[in-house]
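Got a structure for you, written out below as structure tokens; questions coming shortly.
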Ligand SMILES: Cc1cc2nc3c(=O)[nH]c(=O)nc-3n(C[C@H](O)[C@H](O)[C@H](O)COP(=O)(O)OP(=O)(O)OC[C@H]3O[C@@H](n4cnc5c(N)ncnc54)[C@H](O)[C@@H]3O)c2cc1C
């Protein structure tokens, strides 16, 4: 459609969706990827990958894959990171996206320029600055670890889950995992088979969802029209109580929130191992104490390794924060973007993948990219529709919570309800009406 190029930063699921949708709409793409292949964090050899040898999908295959490219390389419900890497390679090959990327090339600076954006990168041929009409930022949300300020000193090893690759590192050791999010629980379960002992320290109670319910992947049940939050919470809580029992019985504190008000923990094995005495739940860390750790209930444990499963924070080191309208700590720390994509203060700068939701899958990220491509197309073909879109962007923000009251935590600051979010994104795609 135009001679202008659009830069895509990252060749993970979001970046590939960006490149693919720009291509579908006839926009020229230059992709930058610091790793040497596509797949994002699912490519375990990518220096920024935070998956580990035992990692599998947490959401199930059919609710996660790109709708236009069902996973043909596997038929399992929860494929491994190896199968997912192959899937993204197949996707990129099928649409000729690999040739559009520069691999081994890290974007170090993105700045507004006279006629678009200047993108500076460093790669095999040295440093370059190139002009593009716009930039799609898809550098991921799970690479910059959050390290909590812990009091005291620890004599043993202490590291963040971002460094974790295989369970052999725990052989014969007394392990404490701090945090019971999805990665923390996966790693605790891995450690059971190697470690001398495994404890998991939690700040609050969680809701646990098994991977299978009634013999089917749990997230494939209850598809179709979403139930009102109160009813869904009541029905699903009842089903979970029947299937998994009360996590308090296994040593967890009682959750201070209802089901779906925080990201649920999808893990069929953690309660199993707690029930077998392979893992013990500890309270929040009070302080590190030489060869052990003191907990807030006054108990103490001796450890060789402390693993911080304390999550990640958003990180856009190549961008001036003012361009993304970061919200202050009071209301969460994340960029304030229309539909988590469009920045009011930076036209032609778009963020893909800065969204967290239970069950959004890669198709949810694909639709973000479809909206960006539709908007860019509308600016040429139907400027009045693009202008109407821009007016909506400046207006009141749609409610993306789906009626759920999410916990006021940093990691929840860009959390949405998948149904409300996809409905809002698709409504904008429809209003723009730009079929590729
Ligand atoms: C253990 C684990 C399990 C998960 N399970 C699920 C699941 O079941 N379902 C689900 O939907 N999601 C899951 N996720 C979330 C996962 O983040 C998404 O599936 C998906 O990978 C997000 O894609 P992305 O492209 O936004 O980011 P990423 O996959 O992180 O890709 C970002 C890419 O950008 C590149 N990059 C970063 N900075 C630069 C730069 N400056 N210059 C050039 N390139 C750069 C990186 O090298 C990387 O390739 C899981 C994550 C983990 C860690």
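Counting alpha carbon pairs within less than 8 Å and at least 6 residues apart, what relative contact order, in whole percent, applies to the chain?
19 percent
Against the longest principal axis of the chain, how steep is helix 418-432, in degrees 0 to 90 to the nearest 10, with axes from Cα atoms?
The two axes meet at around 0 degrees.
So between residue 380 and residue 243, what do we pick up on full extension, going 0.36 nm a residue minus the alpha carbon distance?
Full-extension gain reported as 43.9 nm.
Quick one: order 186, 289 by neighbouring beta-carbon count within 10 Å, fewest to most.
289, 186
Here's something else I'd like to know. Quick one: length gained pulling residue 147 to residue 410 fully straight, 0.36 nm per residue minus the C-alpha distance?
Additional length available on full extension: 93.4 nm.
I would also like to ask the following. Between helix 229-244 and the chain, what is the angle of the helix's C-alpha long axis to the longest principal axis, kept within 0 to 90° and rounded to the nearest 10?
In the chain, helix 229-244 runs at an angle near 40 degrees to the longest axis.
To continue, here is another question. Please state the relative contact order of region 220-303 as a whole percent: Cα pairs under 8 Å, 6+ residues apart?
16 percent
Give the angle, between 0 and 90 degrees and rounded to the nearest 10, that separates the Cα long axis of helix 383-394 from the longest principal axis of the Cα atoms of the chain.
The angle comes out near 30 degrees.
While we're looking at this one, here's another question. How do the peptides 96-105, 306-315 rank, highest first, by the average count of neighbouring beta carbon atoms within 10 Å per residue?
Descending packing order for the listed peptides: 306-315, 96-105.
Further question: Kirkwood hydrodynamic radius for the chain: how many Å is it when counted over pairs of different Cα atoms?
22.9 Å
Quick note: the coordinates plus some simple rules give every number you see, no bench work behind them. Every value quoted in this text rests on a predicted model; they were computed, and no experiment measured them. Every residue, glycine among them, receives a Cβ derived from its backbone with ideal geometry; neighbour counts consider all protein chains shown.
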